[in-house]
Every structure is written in C-alpha cells, then in structure tokens.
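Notes follow the structure.
Nothing in this text is a laboratory measurement; each read-out follows from the coordinates by a stated rule. Since the structure is predicted, the reported quantities are computational estimates derived from the model, not experimental observations. Every residue, glycine as well, gets a Cβ built from its backbone with ideal geometry; the counts of neighbours run over all protein chains shown.
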Amino acid sequence: MSDAQMKPLANPGPLGLVGFGLTTVLLSLINAHILPSGGEAVVIPLALAYGGLIQLIAGLLEFRTGNTFGLVAFLSYGAFWWWFAMLLLFSGNGLLDLSAAGPTIGVALLLWGVFTFYMWIATFRLNRALWFVFLTLWITFLLLGIGDTFGASAIGTAGGYVGILCGASAMYTSFAEVVNATFGRVVAPVGARD
C-alpha cells in the first residue's frame, strides 16, 4: 500500500490530555483540601491506569505520528503518574521509608517544574490551550515543590488550586480536539497560532 493510499492516523493527543487532566483534577482537589487526603487511595489506581498507562500509550502513538512534543510530554507525565502512585503504594505498605527523605520529594516536584517549564516554552509554537495547560502545570509543580520543600502548606494548597485549573484546561483541550475532529470544523476553540 502506498503512502497516498494509507488511511490517516488518529490524533492520540486528546486521549493523553484527558488521562492527564482527569487525574490531575482529582489529585489537585486533594492538594487544595477540597477532598480529604484519604482520597489518595482513589488516586493511586487512577494514576496507574488512566493518568499513567493511557499517557504512556498516547506517547507511543505520538511517536508513530512524528510528534516529538507529544511523545516527550505524554511518556514523561505518564511516568510521573507511575512514580507518584508507586511512591504512595510503597510508602503506605512499608516498602519505602520516607521519614528521612526530608525535602527530597519537594525537590523532585521542583525538578518536574523545571522540565515542565522547558516544555511550556515549546508550546509557544502550539495552540494557546496547550500553552495554558503547560503554564499552569509548571506553576503547579513550583508551588507544590516549594510547599513540600519548605513546609509551607498554604503554598502547597495554592498549588492544588492551580492544579485544578491546569487539569480542567487539559480536559477542555481534549474535548475541543475530539469535537473539532468529529465535526470537521472548529466547534470549541483552542486558540490556534497563526
């Protein structure tokens, strides 16, 4: 079959975005103290199955479409959710002792913020909806990292609120890409760059 006869590939981006967004909203509701911290027991399987696995699949599919940004973003944040879930599982079951970790988790979140900041710079060439997702995500990591590193719970709570905005904007971007592709026209704008 020639390239001209090949059926176009589906866009895996909306799948990865909703996996990321939905999981981020749920955890951020806990970080913002809107839901109880015991709700992390619900986040763990969601982080493994939807935030993690779905993003890993979407990232691998982005490889097939030649989208370097999508590949790096979805594989990285899918791995983030696996790291987060395993951290909670292992520490909650006595397989990891985090009592002597000090600010290490906060520093890890700050490093995720650095990574997200450079991914945000790449979104300057993408649509404005993705630009906003990555803007709010690096701010979320920054606030959560500062809050955890320095024991500033109010800053961590603020990170939870920004995370809700980030996750909701990722879900909107997924929605927009799905309905726009389905209808074959712009139904939900994403702020396309010229």
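Quick notes on this structure:
- Principal-axis tilt of helix 128-150 within the chain, Cα atoms, nearest 10 degrees: 10
- Cα long-axis angle, helix 68-92 against the chain (0 to 90 degrees, to the nearest 10): 30
- Taking a ≥ b ≥ c as the square roots of the Cα gyration tensor eigenvalues, the stretch 60-144 comes out oblate, since a/c reaches at least 1.5 and a/b does not exceed b/c.
- Over the stretch 136-194, Cα pairs under 8 Å with separation of 6+ residues give a relative contact order of 26 percent.
- Unit charges on C-beta of K, R, D, E only; dipole of the chain, Debye: 460
- Between helix 13-31 and the chain: long-axis angle, C-alpha atoms, 0 to 90°, nearest 10: 20
- Mean Cα-pair separation over length for the stretch 39-149, i.e. relative contact order, pairs under 8 Å, 6 or more apart, %: 24
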